[in-house]
Structure formats: C-alpha cells, structure tokens
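Below: one structure, written as structure tokens.
The values are calculated or read from the model by the stated rules, or taken from the named source; none is laboratory data. What you are looking at is a predicted structure, and each value in this text was computed from that prediction instead of being measured. Quick reminder, even Gly has a Cβ in these numbers, built from the backbone with ideal geometry, and neighbours come from all protein chains shown. Surface areas here come from the heavy atoms of the whole protein model, side chains and all, with no ligands, DNA or RNA. Shrake-Rupley method; radii C 1.70, N 1.55, O 1.52, S 1.80 Å.
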Amino acid sequence: MGTPAGTQLASRGIITTTAAVAFVSLPPSFLRARVSLPPSFLRAHVSLPPSFLRAHVSLPPSFLRAHVSLPPSFLRAHVSLPPSFLRAHVEEVGAVSGGVAAASWSPDQEHLALVTPAANLLLMTSGFEVTAEVPLGASSGQAMVALGWGSKATQFHGTEGRDAATQAKTTALPAPPWDHGRPVVTWRGDGELLAVSHFPGDSRTRRIVVVDAKGCVVAVAEGLDGLQPPVAWRPNGSVFAVSYTTAGKHQVAFVEKNGLQHGGFVLPFRAGCVEVVALAWSGDSTVLAVWGRPLEGEGGEVVQLWTTGNYHWYLKQEIRLPATAQDEPGGGGGGGLVVVQWGEAAPPLLSLHLVTPTHHHSLTLLPAPHHTLGQTPQDTATAAVVDGHRLLLTPFRLATVPPPMAAYTATFPEAINSLAFCVADAAAPADVNDSGFLEGCEDAGVLGSNALCVQHGPHSLTLLAPTTHHPPPPCSVTVTPPGAQGLRPLGVCGQYRLEWGEGVAVRAGSASELYHWAWPRRDTLVAVFGSAEACHLVFVEVQAEAGRAVATQVVPLEDWVVAVAAWPNLAALQLASGALLKLDLATRTLEPFLVEGAEVAIPAPCQQLCLCPVEGCAPVPLGLTPRGRLYLGHRQLLAHCTSVAVHTHHLLATTSAHSLLALPLTPQGLMNPQEAGPGVRRVERGARIVLAVGHDTRVLLQMPRGNLEVVSPRPLAIHALARLLATRQYGAALELARRHRIDANLLYDHHPAQFLAAAKHFVRDVDDPRRVDVFLAALTHQDASATTYAFHYPGRPANPDPGKVRAACDAVRAAMEEVDEGRHLLPILTSLVKAGDMAVALARVGGMRQRDEGGAEEGLRHLLYLADTEELYRLALGTHDLALALMVAQHSAKDPKEYLPQLNGLRQLPEPLRRFRINVLLRRFRPALLELHDQAAHREEAVQLVQREGLHAMALQLLPPKSQLKVEVCQLYGRHLLAKSRPSEAAIMLGRAGQHAMALEAYRAAGNWQMALVTASSLGLAKEQLAELCQGLAEELREQGRHPEAARLYEQHLANEEEAVACLATAGDWQDALRLAHKHGRPDLVETNVRPGALQQAAATRQEARDTAAALALQVARLSEVRVAKQRQHSASLLLAAEDAPLDCDLYSDASTVSGRPSTASSATARSQRSSKSRRKLERKKYSTREGGPQEDLGLVAALHETYAGLVGRAEAVGALCAALVTLGHDTEAATLQEDFSELLSVADSRRAEVWPPLLPPSQDQVEFGPQLTSEGAVQQLRAGHRLEGAANTFLAQRMAELDSHLRHPPPPPRDTWRLGLLADEVQVDSPLDATTGTGTTTSSAMVGFSKPWACTMPRWPSCRWGHHTRPLAQFLRASSSTRAH
C-alpha cells in the first residue's frame, strides 16, 4: 500500500498494534520505579536547551564530573557553578569571541560546527582545531544553471495559476513572531555537508546556507515564506526538511543540497496555531517526526510520525500529550516535552524517545499491515491504510486501486489509533450470538469477514462494513462513495463509546491506551493495555441493541504482550519472553500454545504474527521477527524472510534474495522450504507482500517506491485450476489457463477418465468454439501433470500416452457434433487434424462444398492455417477431386501459373490415366500401379514408372501372375540386377521373363553351374553343345579355385576321371582323389597325380613351417625391443616434465593422467564422423609395422595374432596330408612333416606369453600409472627415485588397451585331433624349454599353456599370412613364397 497500514509502538517493552501508533502514557511513579537511564544514553541521545537546564536540572558536581562534557562557552553562558568547582573540574580549551549561538557535532564525531551571534560559522576538528571560518552573512552560493526548460511564462505554476508568470518576484515573508531567532545546524549523514538556518544581518527572514566540511559554501536555499527554525537533514543525504508557513497553510518542505525545493506536504494545523519545535528523521530515513507545540487555546503538545509511499506522505501516528502536568495514570505531565529523539534500533525496529521533565517514553515502532483474513471466497481481501484522520480502504478482490488513491475513504473527527478486521467465519456457528450489530449489513453472514473496527479519539469505536444502511444520527464518520463500479458502498454499522463494566477493577485511562486490537468473534473484541503493575488483556463486548461497547473482563498477564494474532474464535498472544499463549474465545481461557505436544516459544518479538492453517492440523502460529527469521511454531522455516502472507492453501514469503516463495500448506510442503522449486519467483529488489487474495491466484506486492504490482504465482494458479477441474468448471478453468499461460493439456491430464466422460459437459460449459479450438490445437502426447506441473501432482509417471490426443479429439468431436455441429465446424476440423485425419477433414470440407453448405470456405481457410499449404494441396489432389484442389490452391499463396496448367492437363486425361498421374505426382506408387495393371493402352507408362523409380520389387508383388506387364517388369528387373552386379538374382528374373539364354549367361557369371545346367536343358541344347558348356564351366571353376566342384563336373557330366582326380589332388582332398581313382579302376592315377602331389605339398609345408617359426621369432624379438624403447621414452618424458615444471604449475590438472590415450567420448565422436574409406585407412595406419613408427608395437601384435590364428586351419590340413602320406606308404615323410609342424607349434607356444603378457596388479612399492594418477603424483614418485619396473607393466597394459578387443588376448591353440598317434608313438619330439618351468614338454596341445585373455582391439597384419583351413593347399603353397620373401 502507500505505506504500511499502521505501526507497532512500545513504551518500556509495551508494543502496540495500531492503525497509526498508539501513545502509552505512564505515571511518574511507574517511571521512577522502573525507568533508569544509563549515562551513556544521556550522552548519546539527550540534548536539552539551556532554559530547561536552568529551570529544571539540578545535578551534583560528582555527576557532572563523571558524565557531562559541555563546551566552556555553554558553561559560561548557561551554567551557574561556583568558581571553586570551575577551577577544580572544568578545563577550558578555547574561547569564541562574542559567544556561541549554536553548536553541532557531525555524525561521525570528527567535526564540530559552531555559529556565533555575528553569523560566523566555525568548523573544528575533534581536537578543537579550527579548520574553516565562514561568514554566513556574505555567502551567496553557486548560481543556478538553466536546463533549457523554457521561460517562466511557459512553465506550470500549480494552484497559483497562470497569473504567477506575470507577477514580479517578491522577497520571502519574514519568520513568524514566535521564532526564537537562534541559528540551527544540521549535518548530512556522511558528515560531508551541513546546513545552517540563520537570520542574515538584521533581517527577520531566515536563510539556509549549505556548506561542505571544508568550509566552502555549496548553495543558498531559495527563500520560503515564514521559514521556521527546525531543519533536519535526511540521513540518506537526499534532502533536508524545513518547516514554513504561508497565508493559509503550515507545510513541511524538502530542500536538496543545491538549495532548490523538492516536494513536501501540508501539516494538519491551521497556520499560526502550532509552532513546529523540531523535525527528526529516523535512522533509516523512512519516518519523519514532527514535534508541534500549540500557540493558543488549550491542548497539549503533539508528535506526528510521517511516512511516504508512491510519492505521497501519510500521517501514520499522532501522539498528543495533555496540556497540564498530571501524575495520574495516562498523564504525560511535567510541563510538556523537552526531547524528541530517535534511538539506535536497527530497521525495521524504530525506537523513538520522548522525554518530559518527569517521564521517559521509549516507543518501538514496527510496520503492521492491516487486511482481512481472506479465508472465505466471500472475503473481499480489503486492505486498510491510515492517513491521519482518514482511513483508506480497497477491496482487492474486486478492484486494484493504486495508492495513494483508494476505493473507499472514511474520514474520522479524531486521529485513528487502532483498527481490527473481523476474522469470524463466513457463517456464524450455532453457539455464537452476534448481538445483532451486523443486522444492517447486507447478507451479514457473508460479509462478516469484511467488517472492521476503528478506534479513534480517546474513547470512540466505529464499526464499518459494506452496507446500504445509513449511519444513525449523529455520526461523525464520513465515507466517500466507492471509487470503482460494482462495489458495494461502505457504511457505519455502529459507533460506540468504550465503557468499563462494574466488576472491572483495573482500567485504562481511555480507549486510546488500548493496543493490539483483535476481532476473533463477532460480538467480542480483545485488546491489551498496561498499567503500573502489569499488562492486561481486555474483553470488549459489543452490545448493538443497547448501543454500547463494554469492557466486561480484564485478565492480568505474566509479561508484556508484543504481538497478537486472531483466528475465528481463537487468538494467539506473544509475550516479551517469547512464549505464546492460546486464547479460546468460547471459554475465555488462556493456556500455553502447544504444537506437537510442545509449548511454542519464538526467541524474538514478532513484527508480524498470524495463525497458519496447515493441512491436517490445527492453526499453527507463524511469526516473522525483525531480523527476517520466519518461525512456524517452534521450527524456523526461513532465515532471510522479508514479508509473509497466508493464502488459503499456500504460504507466501519474500526473501532477501529478491524471490517470492509459494509453499503448499502441507506438512510435506513446509518440510524443506529452501527447495521450493517451481514455487520460487523472482521479484523486484525490496518488494514486500501486502496481501494474498484468498481462493484466488492474485498476490499484491508493494515495491520500494510504494506502487503496487499484482502477480499470480504458478502454484496458486495450478491449485486454482485443479479446484475448478475437480468441480467440472471447464469454462472457468480454460479461461484461467489462458490468462496465466498454463498448458491446456492439464484440463485433460488432471483426470483423463473424468474428462472423456464429461466431454459433452466440457463443450457446453466452455460455450465458445474458438476456445475449444485453441484447447484442441494445444493437445500433445506429453502428460503435463507428470512433467511441467509435477510439483502439484507428485507420484505420477512421466510416460507419454500415444493415444491421448486421438482419445481427447474423438471425445470432444463427438460431443460437438451432438451439441451443435454447424457452430463447432472449425474445432471439429481441428480435432480431425490433431488426430492425424487431415484427409478426413479435407473430405468433410469437400463434401460441404459439393452440397453447397455454408462454411466450406471458412473451413478451408481454417485448414490452411492448421496445415502446410503444400501438404493440403497434395491431400486435395489425393482425393482426385480437381475442383477441391483448385479451391485449395486459390485460397493458398501458390502461383496460378504453376497449378492452373497442371490441373487443366489432368482434367483432359481419361479417368484411369488421370488417377495414375495424380498418384505418381504424389509419389503414391502402389495405387498408381494398381490403376494401370489391366490397362493395356497405358502399359508403357507403368513400365516407364517402374524403370524410372526402381519399383521392380513392388510391381512383382502387385501385378497379376500372368499379366504381360509383369513379364516386362521381370525382364527389366533382370537387366537392372545385372547392371548392379547381382547375377544370381538377375538370372531368376530373366528366367521368369522367358529370357533363358540371358539367364544362362547370368548363372555362369554367378558361378552357379548347377542352375546353368538346368537352364541349358530349358534351351534344348544338343549333346555336343551341352558338353562344351560343361567343359567351359569346369575350367571356370578351376580358375576360381573351386576344384572339388570342377571334379564333380569332370566325373559326372564329362566322364573325365583323370581331370577329376587332378582337381581333387590340387584341392588337397586326398581321400576323395583315392576314392575316385579306385572307383573307375584307374590306379595309375594314384601314381601320376595323387602321390607326387602329396610329396610335393609335404615338402612345401615343411619349408613353410620352418620359415614361419623363424619369422615368428624375429617378430617377437622386434616387439620386445620396441616395447622397451617406448617404455624408456615414456619414462624420460616424465622426468623431463618433473625438471621443467613446478609441482604447483597450472599446466597440471588434478584430473590429468600420464597416458596419451584420447578420451573415449572424443574418439567415439571422431570415429562416427569419418567415412568407411577413411576409417579403413586409419586402421591400416594404426596397425602399421613400419620400423620406428608410433604404432609399430600395435602392428606387430596384430600381425602375430593373425599368425597364431592361422595355425588352427593349418593343423587340420597338415593332419590330412600326414594321413594321406601314411596311406601311400611314405611314413618317414609324414613323421618328418608332423615333427616340423609340432616344432612350429612349440615355438609359437613358448613365445605366446611375450606377445600377450599376463596382467599383474602392481605392488605397493611400484609406481602407479593410469586414470587414477595425476601428473603431479607421477612427478613426485619419479623424483622420489622409484623404480619403473612396475610402471612398465602398467604402461604395457595401457598400450594393449588401445588394441581392438579381439586382439587383446591370444587366439585358441589347435586341437590335438590333427596329430596321428601312430606317428607320435614312433617319433618323440622335444619342444623348447618352457619359459616358466624350464622343463621340456611335448607338442601335445594339452600341455600348451595360455595366458589369461586380454580385453583389447586390433585388425590384420599383412605379412606371414596363414590361410584359412578351407583354403586349398596348392594356393597356400603358392602364397608361401611371398611370405618367405617378406
């Protein structure tokens, strides 16, 4: 609001909640008994005029010596002390000729300003050294600079009118006659500037001079009529306040440091009736205290407290003292005020000290907003602002009126002291008697929570509520009409004078002494007042029929009450000790407030206390301390809270982090408020909560300037939406979602089954096709209740529902068609589009056009808005309705030069061909082929389509089996496959097309000699042609290395046993060669083909085994040498790093390792971006065996892996060859061959561990490398002199990890089944010594040991290739020469 509705005030620990600020007056006896001011307070805060000291103060010399430090000039002028005392106790540090008229220390106590009667300003240091002397009478200040705002004739002159532009400038009016004539000095808060108000020369017109701390005159303030002595610089340094009078007004003006006036306000005094004695700013520059003293007539002194908001000054408190000194309770007494001083309390606590000759009043003020409780839907969320005698009221549920304006303005004859809103339930309980005082209100049971009680003047209570009842005469309260349409007028329901019951012994002097007013029950108010003995709680009963307000009961309390919170039939009182009491209005009993069985105590007085309804619990006290700590019961919720408000279902709080929290009022929601998640909203710096509109989404925030902002936190909006959906108010829910930009999917996701069942009700309740259309367009498969708004729907799985959109669209569309199909045409089309039935929607529009129904064009424009223009045009073409397609094209942005020739050309075609062309245009090839499969006249177009688009496979599936079109397609497909180098499939298609000659050539190209012979029989070839074909096929097979298949052709189709045996011998198939020779009775073939071939291959195999063993040994030796070199190079690089870089160098990262291996993520990303060709090239480089290359060790491992893998296939070939040699009687050659190959296996087994060493965990004294070791750790270990043997093992493991996974472990050894036992019994071959045991082992594979498999990767190495075991032996022998050469 413009300012807080009221403040809280304390006198010696008594804090009052008031509409303005209530003044507590304590008798002198109480102060003498309880008030003791320390000397430090007197020195810091009390400044007494000399006249007061002379008249009232009599202090012993011992007190003066101990506590009073006064300048000598003051002592000489005003203090009459015996000479002996002065000689003994007073030290004179200097003298000012002519005396001192005014003196003031700077706020930092570093400078002293003295003004002499001759109008000279002396500036001194804290050591009384004069730094500057300024003659105030001769000062002129700096000249004003024109900023180009035009001449005076064109400027705005306010209430003076246009004539002010032509009036000659006159001098300011002199000071009023009561001006004491002394200069006044005030310092700015930082001590850099001071302002002096004085009379220049003999003039009676005051002038203010602004001087800096160095003695330079900054400015001279512009002349103000009737300028008075008080001047006070605002601590924040923006302006200083002065008081002046004009012909009819008494005003306070604010003057900037340049001397120009900048704002002000009018005091509620008649000009010439009140003297403003002093002006005083609070420490935080928010409150200005105006001390006034009446000049004529009766009445005591007054202190007014003014605050500002939204560029308007509000009178928040008026403290009046009685005119005569009285020692009775409530009397200020003692001849009036002598000191008005602000204390040192930190904001928002503000302490004001009022000192009379016999009393010291310490008042503590706190901001206290006043508004309705807001717990019922009928609550109008009314906020009240006090402005002197006026009460500004605005019901924010009905209208948002920015301050300083208001919807209602109630004017009272006296200043407002306190007010309280009724917090009774909307419907009074059966046992509650409302005494009939709300009978004049319309619907009193509903409007009870909107009523308020105002205490004004010394004894008056006035009840206000929205009503049409006119106040009974005489009524001194005037209420202005509401400032907005639709608001009920505010009326006076009752006006009473507070009376005290006969049985009440302890009473307050007046109703104005009561504070902390609360209205928890319609016929009962409670308040607090203090006496000399204790603090008391008062029950005030409103007796409307008798026209009385009677204090019927007074309950003494054990401590002072600092805060009160009201709830229907309940109140909570916080004592000065922090303890909370619970007041039950039904029984009028007080007891400790218990929460979870424990008494609640808040460690600090609360500036705001309320009762918070937590779900499943009774109302719990919620308190906000001046230090920003928010307590719920005895548990601290927040440590940095700046304001708080209780909504019907949420707790709202602003924090010093400039955020607004919205926490659900549930035990779980309040468990950890720091993790509010979606309930956090950023707000402007310094924003405060005014109120939250109950059962609504609006929250009012007041900005530091005083203006209001209305926000709707997302949790409040979602809760309101869920409440509407639960009651099936879909129209209001959809409007709420639209206004707050909530995902409309929530209307369905809140309760899908309920929505589908109530689809018809949804259409009728929304009753707006446009909003239904928007809702349907916003539907998605995502569940909004489980994703975006999961904070309000905990526990729901976030799984998209693929059938959600179609289900919702179908249900709503059926409801719209039932309610009014014509009115809901557009949303019906939207539902079809969202459900994926765009063609159905377009067909519906096309049907409407054919039936000449209205709305077809509007529906088409709607579809063009929903879908892409090109897509809709293609769909229209797909309906084969050229008129509809033309209509779509005309309503789109397509160029007529494009679509008109196309549509005209299609219209001229016959029906089947037109449909075919349209389908081809839309690339709907399947229906296009079906259109022309039986149209012989247009077969050529179908063939061209198949050939152009490659639709051969689709056409074969769609066309009838015996159609001529299918035959042509088969022929085209066969040729197409031949061009793609797929002869096997091409031969099948050519055979189906009857092209057997081409099919035969295709089979020959594919090497399928069986099907080639089948096709040849279909051609009816002669016997000689068939034999020639078989001879050619056999030769082709032999060239391809397919000797066994060639042998079958020679034997079965050409009857050539000799060539068949030769082919089998070449293939190494010794058993079949022997079988075939003996089958045909040709033993000579054994001697001419089988025996020589076996002996030749045995010799070649023996030589190959020896060469392989030698090459393997060389490669293993080279691998060991390369590994040692790389390990040495790696260790040297670590030592170099240790010498060149300090251990704390920034180049070393805590996460870096000594491995040069790239990260898996980066290498995988780079690998995915390469082409297949570049990847193969990279693999070749990776496994290159170039001597000295960076990857030589990896290439050697890959090559050795390929060699070891080839041993398995070679072992089977050697076994078969040995068996054939033994069969032919060559036992010695077989044994030698088996012995040589066993030697190869032994060598390979002995060197296996060198290629793939076992992984051993490093010992404790070894240097550790790897991902867990940083560079710094490695350097430290190397500097310490650790050995690198363990590091070598770890480094080797890292290198092996760079291999492909199948290369990280050795391949399995050959099984022992290849060996002939009869030869093993005859020849015992000793293998080399085992590297581990040192004993000789046989070549049995059972004796061969293998290391544990690795987990690495690698491809092939080009040298020393062993052929696969299915490879013919002759080919292996031919390849062996190149291997040996390498």
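Computed quantities for the displayed model
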quantity: Residue satisfying all of: in segment 921-952; more than 25 Å from R874 (Cβ to Cβ) and free of Cβ contacts under 8 Å to residues at least 12 places away in the same chain; most open to solvent (accessible area, probe 1.4 Å) among these; calculated: E940
quantity: Meets criteria (open to solvent by less than 40 Å² (accessible area, probe 1.4 Å) and not basic (K, R)) for L1019; calculated: no
quantity: Considering residues of segment 243-257 that are at pLDDT 90 or above and not in a strand (DSSP E or B) only, the residue least open to solvent (accessible area, probe 1.4 Å); calculated: E256
quantity: Flag for E870 being within 30 Å of K966 (Cα to Cα), acidic (D, E) and modelled with pLDDT of 80 or more; calculated: no
quantity: Test set (1) under 21 Å from A1067 (Cβ atoms); (2) surrounded by 15 or more Cβ atoms within 10 Å (Cβ to Cβ); (3) not β-branched (V, I, T) - R1004 fails condition number; calculated: (1)
quantity: Selection count where residues are over 52 Å from the mean Cα position of the chain (by Cα) and open to solvent by 10 Å² or more (accessible area, probe 1.4 Å), scope segment 207-226; calculated: 11
quantity: Options P268, P235, P177: the member that is open to solvent by 10 Å² or more (accessible area, probe 1.4 Å), more than 24 Å from A113 (Cα to Cα) and either of a type in the set (D, E, K, R) or within 53 Å of the chain's Cα centre (by Cα) (or both); calculated: P268
quantity: Checklist (1) outside any loop (DSSP other than H, G, I, E, B); (2) free of Cβ contacts under 8 Å to residues at least 24 places away in the same chain applied to I718, failing item; calculated: (2)
quantity: Members of segment 642-663 found to be in contact with a helix residue (DSSP H, G or I) (Cβ under 7 Å, 6 or more places away or on another chain) and either more than 17 Å from P678 (Cβ to Cβ) or assigned to a strand (DSSP E or B) (or both), listed by number; calculated: H650, L661, A662, L663
quantity: Residue match in segment 1236-1249 (condition: modelled with pLDDT of 85 or more, out of contact with any strand residue (DSSP E or B) (no Cβ under 7 Å at 6 or more places or on another chain) and more than 24 Å from T1101 (Cβ to Cβ)); calculated: yes
quantity: Qualifying residues in segment 881-899 (those that are in contact (Cβ under 8 Å) with a residue 12 or more places away in the chain, assigned to a helix (DSSP H, G or I) and more than 52 Å from the chain's Cα centre (by Cα)) - the one nearest to Q957 (Cα to Cα); calculated: L882
quantity: Only one of L972, L978 that is crowded, with 16+ Cβ neighbours inside 10 Å, touching a His at 6+ places or on another chain (Cβ under 7 Å) and in a helix (DSSP H, G or I); calculated: L972
quantity: Test for A645: is it closer than 30 Å to V538 by Cα and over 24 Å from the mean Cα position of the chain (by Cα); calculated: no
quantity: Residue check, I742 open to solvent by less than 50 Å² (accessible area, probe 1.4 Å) and in a helix (DSSP H, G or I); calculated: no
quantity: Among residues of segment 948-964, those that are over 17 Å from I988 (Cα atoms), over 58 Å from the mean Cα position of the chain (by Cα) and part of a helix (DSSP H, G or I), counted; calculated: 1
quantity: Segment 649-677, residues that are among the hydroxyl-bearing types (S, T, Y) and over 19 Å from V710 (Cβ atoms); calculated: T655, S656, T666
quantity: Condition check for A1060: open to solvent by less than 20 Å² (accessible area, probe 1.4 Å), modelled with pLDDT of 85 or more and on the phi < 0 side of the Ramachandran plot; calculated: yes
quantity: Conditions (1) within 25 Å of P177 (Cα to Cα); (2) touching a Ser or Thr at 6+ places or on another chain (Cβ under 9 Å); (3) in contact (Cβ under 8 Å) with a residue 60 or more places away in the chain; (4) open to solvent by 10 Å² or more (accessible area, probe 1.4 Å); number of the one not met by A289; calculated: (4)
quantity: Residues (closer than 12 Å to A808 by Cα and surrounded by fewer than 19 Cβ atoms within 10 Å (Cβ to Cβ)) located in segment 820-843; calculated: none
quantity: Filtered residue count, segment 745-790, keeping only those that are charged (D, E, K, R) and open to solvent by less than 50 Å² (accessible area, probe 1.4 Å); calculated: 4
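One line per residue, one yes/no per condition, for (1) open to solvent by 20 Å² or more (accessible area, probe 1.4 Å); (2) polar (S, T, N, Q); (3) under 22 Å from L585 (Cβ atoms); (4) modelled with pLDDT under 65:
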| position | (1), (2), (3), (4) |
| --- | --- |
| A428 | yes, no, yes, yes |
| D431 | yes, no, yes, yes |
| C453 | no, no, yes, no |
| A465 | no, no, yes, no |
| H470 | yes, no, no, yes |
